[in-house]
Amino acid sequence: MNTKKRIALVIGSGGIKCAAAAGLWRVLQEEGIVVENVVGCSGGSMYAALIANRVDVKVMEEWSKTLWTSDIMQGYTENLKASKDGSLRFTERSGLVDDSALNRKLREVYGEWKFSDMKMPFKVVATDLLSGEKVTLADGGVFDAIRASLAIPIIFPPWEVNERLLIDGAASDPLPIDVAIQDGADIIIAMGFTLDYRARFRSMTAVQEQLNSIYMNNILNSTYAFYNLAHHAEIFPVIPEFDSTISMFDVDKIPSVIEQGEQAARMQLPHIKRLLENV
Amino acid sequence: MEIHDRQADGVTILSLRGSIDAMTAPKITEFIQGQVSRGNIKLVADFSGVDYTSSAGLRVLLGAIKETRAQGGDLRLTGVQPDVLKVLNLSGFTNILKMFDTADAAVASYS
């Protein structure tokens, strides 16, 4: 299918749920919908990078199962206790997790990738911890950009890129449609995820986590509302709905997450195709 | 996209059927502007036949809301289907729109 309109794909933050992007990518490939550039945030940046390098969906699935394992949270419990009793001194560069396992896993896939070598233009959004600004990364190493964008505050240590201390892109722009708008996209296919809310609270950490979810979901809604009205053409939101809560290490649910992503994409497909056939 | 209009107690009820997107937005804009130019500024849009609203469709709605409200009227919705409601929620429209379960309730809200 050919179109004069420029199509961009945006994959928002959402941790393991972002594996749903593999299902979306499968649908776009099957339908011959040609994406010209890709933008990602946080967990979405990992899948956006794989899409930008045209990695096979099966490979995405297998890799997802090896990434989202509990070892990427190594040290969390011990460091949380230590931070409470004062034996762990926390600074702007600290995180509760020893990130060596996460970094090793990310380097195995993205370690050698450069933005300039990607098969299609690709950008990653992170947040400057000191200024709060959204930072768009599109140069240098892909690993550094993804690692920065993934740095959930307090949990993972921030990551320094170009002398800026960066954290999770979701803190400023969880579904960075604006980057695609700035880059001249007409049709924007945007896969976003909301964070689940808790019903029970047994610790201060749980309350903090809930507050984080409330903040993030409200940032997502308000930025989406603005981008939606600011854009000159169409934005197609692809919002997968999951039957149950998807926790960070639910690797056994990854095939189902991908399936939900595919289903959500197929719901938008008639509308996307209708537009493409009429431009 | 089909649009029909009828009057009820000084309110114009617009019944829309189909998808509101970039293709149909110009027709809807023209139709609503025609209503407003005739002084019909109290509008109720019956969405029970609308299966989809895209970002272009939402911009049409926003334009109509601003135009009618600027003249002392409004655009109120009824019959919004679940898939359309999701989009209205995500895009913040439910914060600025008045929505009603029935067309009668929407009409009555103007009195």
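The values are calculated or read from the model by the stated rules, or taken from the named source; none is laboratory data. Computed from a predicted model, the values in this text were never measured in an experiment. All Cβ positions, even for glycine, are placed from backbone atoms using ideal geometry, and neighbour counts span all protein chains on display. Protein only, heavy atoms only, side chains kept; ligands, DNA and RNA dropped before computing areas. Shrake-Rupley method; radii C 1.70, N 1.55, O 1.52, S 1.80 Å.
Structural remarks
- Filtering A:LYS84, A:LYS17, A:LYS58 for residues that are loosely packed, with under 15 Cβ neighbours inside 10 Å and over 27 Å from A:ASP117 (Cβ atoms) leaves a single hit, A:LYS84.
- Scanning the range A:165-210 for residues that are modelled with pLDDT under 95 and among the hydroxyl-bearing types (Ser, Thr, Tyr), we see that the one that is least open to solvent (accessible area, probe 1.4 Å) is A:THR205.
- Of all the residues in the range A:221-279, those that are open to solvent by 60 Å² or more (accessible area, probe 1.4 Å), closer than 19 Å to A:ALA180 by Cα and within 18 Å of the chain's Cα centre (by Cα) number 2.
- Counting the residues of the range B:63-79 that are over 28 Å from A:ILE239 (Cα atoms) and within 14 Å of chain A (Cβ to nearest Cβ) gives 1.
- Looking only at the range A:245-276, residues that are of a type in the set (Gly, Ala, Ser) and more than 17 Å from B:ASP83 (Cβ to Cβ) come to 3 in all.
- One residue stands out among those in the range B:80-107 that are within 10 Å of another protein chain (Cβ to nearest Cβ), open to solvent by 60 Å² or more (accessible area, probe 1.4 Å) and assigned to a helix (DSSP H, G or I): the one that is nearest to B:ASP51 (Cα to Cα), which is B:ASP83.
- Scanning the range B:1-57 for residues that are among the acidic types (Asp, Glu) and buried (at least 19 other Cβ atoms within 10 Å of the Cβ), we see that the one that is nearest to the other protein chains (Cβ to nearest Cβ) is B:ASP21.
- Residue identified as part of a strand (DSSP E or B) and in contact (Cβ under 8 Å) with a residue 24 or more places away in the chain among A:LEU96, A:LEU9: A:LEU9
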